Structure formats: structure tokens, C-alpha cells
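Only one structure is covered here, and it is reproduced in the block below.
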Amino acid sequence: MYRTSLVNELCNFSKNGVELCVNGEPVASEKKLAEMILAENGCTYMRNYHFEGNKITKIEFDKVKLEKL
């Protein structure tokens, strides 16, 4: 269920002209991006939003490694 919601969210961003990137590289597929975000173990992805005025123009997903405390 969460995967479907994430794919829908990413597809809606793309349809509205928002560029999606991972670690600085453009994303070819919203589905592959969602799978990558959900499949990673020991890390997560931080979203960085870029705006022009009040409109989101780009979202960068940066990989963040998680450390055990």
C-alpha cells in the first residue's frame, strides 16, 4: 500500500513538471525510484525541495546512511 502511494506521489510531481533526481542524477522511472527508496537497508533518502517562487521545480533525493547507536 505504501509503495503505491509513493509511486502515485512521484508520478504526480512528474506530471506537474517537477524534476526528480537521486544523488544529483535525473530519475528515469518513478516506479524504480520508489522501489529504491523502499528497498534500501541501513539508509534512507532525504528530500531537498527546490522552488521558483511558490512552485516546486525539483526534488533531489540524497542517500543518508543510518548508523546504529
- Message: For the chain, what does the helix formula give at 222 nm: sum of -39500 (n - 2.57) over DSSP H segments with n ≥ 4, over the residue count, nearest 500 deg cm²/dmol?
- Response: -11000 deg cm²/dmol
- Provide the per-residue ³J(HN,Hα) series for the range 44-59, in order, calculated from phi with Karplus coefficients 6.51, -1.76, 1.60 and θ = phi - 60°, each as a whole number of Hz, with x at glycine and proline positions. 9, 10, 9, 8, 10, 8, 10, 10, 10, x, 9, 9, 6, 10, 7, 10
- Query: Which of rounded, prolate, oblate describes the chain, given a ≥ b ≥ c as roots of the alpha-carbon gyration tensor eigenvalues and a/c under 1.5 marking rounded, otherwise prolate only if a/b is larger than b/c?
  - Reply: oblate
- Query: Where does helix 30-39 land angle-wise versus the long Cα axis of the chain, in degrees 0 to 90, nearest 10?
  - Reply: 20
- Item | Exposed GluC sites (Glu not before Pro) absent - longest run of the chain, DSSP non-H/G/I/E/B, at most 16 other C-beta within 10 Å | 1-39
- Carbon plus sulfur fraction of accessible area for the chain, probe 1.4 Å, in percent: 50
- Query: Applying the Karplus parametrisation 6.51 cos²θ - 1.76 cosθ + 1.60 with θ = phi - 60° to the phi angles of the range 4-10, what ³J(HN,Hα) value in whole Hz is obtained for each residue in order, glycine and proline being reported as x?
  - Reply: 4, 5, 5, 4, 4, 4, 5
- May I ask what percent, to the nearest 5, of DSSP beta bridges between residues of the chain are antiparallel? 75
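The values are calculated or read from the model by the stated rules, or taken from the named source; none is laboratory data. The shown structure was predicted, so the numbers you read here are calculated from the model rather than taken from an experiment. Reconstructed Cβ throughout: ideal geometry from the backbone, glycine too, with neighbour counts over all protein chains shown. Ligands, DNA and RNA are excluded from the accessible area calculation, which covers all protein heavy atoms including side chains. Shrake-Rupley method; radii C 1.70, N 1.55, O 1.52, S 1.80 Å.
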